[in-house]
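K.L.:
Could you have a look at this structure, given as structure tokens, before my questions?
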Amino acid sequence: QVQVVESGGGLVQAGGSLRLSCAASGRVSAISAMGWYRQAPEKQRELVATVTRGRSTNYTDSVKGRFTISRDNAKNTVYLQMNSLKPEDTAVYYCVASRFEHDYWGQGTQVNVSS
């Protein structure tokens, strides 16, 4: 099993920045991709960004140029640096770690962006 724990959410004004962290523990060997999803009230969960073990990244269009995902393989940790935040970025942000055919999700961290 893999345990995933997020941290770093909070309340920020529009235009501000936050940095989310996600640490994986347990059977962390062979974790391939890690990433972030988010779910706003009454909306479906959506992909935000992913990063492979080789540090190839992928972003949803709405965050390109504002968010940066990075990964520390030695610490089994992934980060999401969020700049120029907008009210529409308000959501619960979930971290996911993929190991073989399984995806392991964290409990989520709330991000609120006020206008």
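The values are calculated or read from the model by the stated rules, or taken from the named source; none is laboratory data. None of these values were measured; they are calculated from a predicted model. Neighbour counts are summed over all protein chains in view; Cβ atoms, including those assigned to glycine, are modelled from backbone coordinates with ideal geometry. Keep in mind that these areas ignore ligands, DNA and RNA; they rest on the heavy atoms of the full protein, side chains included. Shrake-Rupley method; radii C 1.70, N 1.55, O 1.52, S 1.80 Å.
K.L.:
Specify the residue that is nearest to Glu46 (Cα to Cα); the eligible residues are those in segment 61-79 that are free of Cβ contacts under 8 Å to residues at least 40 places away in the same chain and open to solvent by 80 Å² or more (accessible area, probe 1.4 Å).
P.N.:
Here the residue is Asp61.
K.L.:
If you don't mind, there's one more thing I want to ask. Tally time: how many residues in segment 15-52 are acidic (Asp, Glu) and surrounded by 14 or more Cβ atoms within 10 Å (Cβ to Cβ)?
P.N.:
0
K.L.:
Filter segment 1-14 down to the residues that are open to solvent by less than 50 Å² (accessible area, probe 1.4 Å) and more than 19 Å from Ser84 (Cα to Cα) and list them by number.
P.N.:
Result: Val2, Val4, Glu6.
K.L.:
Working only within segment 10-60, note down all residues that are without any contact (Cβ under 8 Å) to a residue 60 or more places away in the chain, among the aromatic types (Phe, Trp, Tyr) and either closer than 14 Å to Gln110 by Cα or in contact with a Pro (Cβ under 8 Å, 6 or more places away or on another chain) (or both).
P.N.:
Tyr37
K.L.:
Restricting to segment 80-115, count the residues that are closer than 14 Å to Lys43 by Cβ and either among the polar types (S, T, N, Q) or open to solvent by 40 Å² or more (accessible area, probe 1.4 Å) (or both).
P.N.:
Selection size over segment 80-115: 3.
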